[in-house]
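So the structure is just underneath, and the comments pick up after that.
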Amino acid sequence: MKLHQRILGFPPVRLILILFWAAVFGWLLGLILGFLHSTLGIRFAPGGGPFPELGAGIVQECVMLLALLGAVWLVARFAARRELDEFNPDTATSETFLGIGIGFGFITTIILFEMAAGWYRVVGTNFGDSNVMPYGLLATFLLFVLVAFFEELLFRGVLFRLIEEMFGSPVALLISGLLFGFVHYHNPGATVWSSVLIAIEAGVMLGAMYMVTGRLWMVIGTHLAWNFCLGSLYGSPVSGLSHLPKLLVSETSGPDLWTGGSFGPEAGLPAFILGTLLSIILLSVAWRRGRVHILPVWWTHWRERRRQKLFLAAQAEVLAEIPEELDESEEPERPESSQL
């Protein structure tokens, strides 16, 4: 491998390149949207209505996702010289729906626990509200699809993958989980405690889920169902965000330690306990599949390449000695053929 290929394949260099090209692509997309708005009068994020931030959020997430996806593809194709195996289409449908089932079951279990404890109750519905059904709910679903896709690509597909190559799976779980948790620190109602819980119950769990398959479909499905069920189905705050279209209008009371307070159930002990148990199960599955790398991935690859080189060198020495032994040994006498 040539020197420039080794440099471009170095994980920190790839991370810098991904961030650089994501910023470039985001800037270009912003210029295109601004040009279309100024020349054609197209408004990509119309304001007004009961949910004025929804349209702007969809456009922002769409621009960020396209920019990051383009940067990841560019660096993978020309720097790492690999295919985007984390988006293997063969398993997209099955793993996405499996993730949706996990996310739905996770959130539903927490809501049922709070309901049984008398802390969660439904006080109304929005089935007849034209602002919610169906377009408001569909717009929220689209927003959560973009959020799940972008955040999982960034935190699991980029950060976890590159950190694992450099330092191994445990360090990658720790760092990517903490970054994922504390990126929510500036949300409404967030605290250091809520950020730590998000890092463990969601960051570590989703990282372990990514380790099980090596693909992003399941974590995207889980992330999507988590947000949509929590906010749009059950009407609870999603990481402190509550002003979104929702089917059920609910009220939550009880101790903040268990309910999460204004931040939502993600900052409560039920989510932490359930997320921790699920993380342990997923890590055990990943371990049995040989996907937990205690040592850095680059060290494992280097050791394997060194073993192959030593094996080939020893094999070459053995093959080189065979002709010499044949030359030194006397050929056996052949009996003369009998004449008829």
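The values are calculated or read from the model by the stated rules, or taken from the named source; none is laboratory data. Here the structure is a predicted model, which is why all the values come from computation and not from measurement. Positions of Cβ are generated from backbone atoms using ideal geometry, with glycine treated the same way; all protein chains shown enter the neighbour counts. All accessible areas refer to the heavy atoms of the entire protein, side chains included, with ligands and DNA or RNA removed. Shrake-Rupley method; radii C 1.70, N 1.55, O 1.52, S 1.80 Å.
Summary of values
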{"read-out": "Förster radius 41 Å - calculated FRET efficiency between SER262 and ASP85, Cβ distance, rounded to 0.05", "value": "0.50"}
{"read-out": "Virtual spin-label span in nm between ILE16 and HIS243, 7 Å along Cα→Cβ", "value": "4.1 nm"}
{"read-out": "Residue among GLY290, GLY235, GLY261 with the largest mean-square fluctuation in a Gaussian network model of the chain, springs linking Cα atoms under 10 Å", "value": "GLY290"}
{"read-out": "Axial C-alpha extent at least 24 Å, average Kyte-Doolittle at least -0.5 - helices from the chain (DSSP)", "value": "11-40, 52-78, 92-116, 135-152, 269-288"}
{"read-out": "Length gained when the stretch THR276-GLU53 is fully extended (0.36 nm per residue, less Cα-Cα span)", "value": "77.0 nm"}
{"read-out": "Rounded accessible area per residue of segment 176-314, 1.4 Å, Å²", "value": "46 Å²"}
{"read-out": "Around ARG291: net Lys/Arg minus Asp/Glu count, Cβ-Cβ under 14 Å", "value": "+1"}
{"read-out": "Other-chain or far-sequence residues with amide H under 5 Å of THR125's (modelled H)", "value": "VAL249"}
{"read-out": "Estimated 222 nm signal from helices in the chain, with DSSP H stretches of n ≥ 4 weighted -39500 (n - 2.57), rounded to 500", "value": "-20500 deg cm²/dmol"}
{"read-out": "Convex hull per residue volume in Å³, alpha carbons only, for segment 176-251", "value": "88 Å³"}
{"read-out": "Per-pair calculated FRET efficiency, R0 = 51 Å: THR109 and PHE311 via Cβ, rounded to 0.05", "value": "0.50"}
{"read-out": "Percent of Cα-Cα distances greater than 36 Å, calculated over the chain", "value": "33 percent"}
{"read-out": "Rounded percent of accessible protein surface that carbon and sulfur make up, the chain, 1.4 Å probe", "value": "68 percent"}
